[in-house]
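Take a look at the structure set out below.
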Amino acid sequence: FLKKNKIKIISEGVDTKLFKKKRIDSKFKKKFNLPKKFLFYPAQLWKHKNHLGLLKAINNIKKKHKIEINLILSGGKKNYSEIILKYIRDKKISHVKYLGILKQSEIIKIYNSCTAVIIPSYYESSSLVLLEACSVKRNIIASNIKPLKEMGKKFHVNYFDVNNMKSFEKILMDFWKGKLMNKNEIEKNYNIVKKNNWSYI
């Protein structure tokens, strides 16, 4: 019943001053034993976050190509945590580290240390993680679900088919080979996300 000119759509924002690119000292990297090149996935261990699909794709690549793709996970233990952590133990995926719940300052530093951020979810309403990744000028890998594809109309994102394991493995191999976004695309993401900072929102 409302007229269109009475409806305002307000997107999510990110604190671009807080989440910004900066150098991280070796002391911090040593504390968490961070590898030189790694993916970062900050998310609660819910089933719909699709940690298991990500782990299976990483494990398949290890078996097929003898390549160990480093992955850092953070977030609280939720309804799927036992299954996720059991899979890591059973498959002996030593190049995947789960750090649990971290301080915001630590999360920001890991963002700044990672090579790319990955969002393999089956469901999201939107994605603050995507905006935060843009703020720290990082490559982004995301599932091709509608809300994330919608964000791709503004931002440069590397998508894979969430229901296709071959597509999942291919995007991870592209990451490993350095075939994702170039510096110009990453810089464009940063310039766009600056317009969505929290002070403006």
I'd like the full set of residues that are within 16 Å of residue 129 (Cβ to Cβ) and open to solvent by 70 Å² or more (accessible area, probe 1.4 Å), limited to the range 183-200. 198
What number of residues in the range 36-52 are over 21 Å from residue 108 (Cβ atoms) and either of a type in the set (S, T, N, Q) or open to solvent by 10 Å² or more (accessible area, probe 1.4 Å) (or both)? 5
Here are the criteria: (1) in contact with a strand residue (DSSP E or B) (Cβ under 7 Å, 6 or more places away or on another chain); (2) surrounded by fewer than 14 Cβ atoms within 10 Å (Cβ to Cβ). Tell me which single one residue 153 does not satisfy. (1)
Would you confirm whether or not the range 109-122 contains a residue that is in a helix (DSSP H, G or I) and aliphatic (A, V, I, L, M)? yes
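Could you tell me whether the range 126-136 includes any residue that is within 19 Å of residue 60 (Cα to Cα), within 11 Å of the chain's Cα centre (by Cα) and among the hydroxyl-bearing types (Ser, Thr, Tyr)? Steps first, please.
We begin by selecting, within the range 126-136, every residue within 19 Å of residue 60 (Cα to Cα); these are none.
No: the range 126-136 contains no residue that is within 19 Å of residue 60 (Cα to Cα), within 11 Å of the chain's Cα centre (by Cα) and among the hydroxyl-bearing types (Ser, Thr, Tyr).
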Go over the candidates 101, 72, 88, 108 one by one and state the one that is in contact with a Gly (Cβ under 8 Å, 6 or more places away or on another chain) and of a type in the set (A, V, I, L, M). 101
Can you report the number of residues in the range 25-35 which are surrounded by 11 or more Cβ atoms within 10 Å (Cβ to Cβ), over 19 Å from the mean Cα position of the chain (by Cα) and assigned to a loop (DSSP other than H, G, I, E, B)? 0
If we keep just the residues of the range 46-78 that are in contact (Cβ under 8 Å) with a residue 40 or more places away in the chain and assigned to a loop (DSSP other than H, G, I, E, B), which is nearest to residue 100 (Cα to Cα)? 50
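Return yes or no: is residue 201 among the β-branched types (Val, Ile, Thr) and either on the phi > 0 side of the Ramachandran plot or in contact (Cβ under 8 Å) with a residue 40 or more places away in the chain (or both)?
Against the criterion (among the β-branched types (Val, Ile, Thr) and either on the phi > 0 side of the Ramachandran plot or in contact (Cβ under 8 Å) with a residue 40 or more places away in the chain (or both)), residue 201 qualifies.
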Selected residue [open to solvent by 10 Å² or more (accessible area, probe 1.4 Å), among the aromatic types (Phe, Trp, Tyr), free of Cβ contacts under 8 Å to residues at least 24 places away in the same chain and more than 16 Å from residue 55 (Cβ to Cβ)] from 159, 123: 159
Would you say residue 85 is part of a helix (DSSP H, G or I), open to solvent by 10 Å² or more (accessible area, probe 1.4 Å) and of a type outside the set (D, E, K, R)? yes
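Of all residues in the range 144-200, which are β-branched (Val, Ile, Thr), assigned to a loop (DSSP other than H, G, I, E, B) and out of contact with any Ser or Thr (no Cβ under 7 Å at 6 or more places or on another chain)? Don't jump to the end; show me each part of the working.
Kept after step one, since they are β-branched (Val, Ile, Thr), are these residues of the range 144-200: 145, 157, 162, 171, 186, 192-193.
Narrowing further to those that are assigned to a loop (DSSP other than H, G, I, E, B): 145, 157, 162.
Within the range 144-200, 157 is the sole residue that qualifies.
The values are calculated or read from the model by the stated rules, or taken from the named source; none is laboratory data. It should be emphasised that the depicted structure is a prediction, and the values quoted were computed from it without experimental measurement. FYI the Cβ positions are ideal-geometry reconstructions off the backbone, even for glycines, and counts take in every protein chain you see. Note: accessible area is taken over every heavy atom of the protein model, side chains too, but ligands, DNA and RNA are not part of it. Shrake-Rupley method; radii C 1.70, N 1.55, O 1.52, S 1.80 Å.
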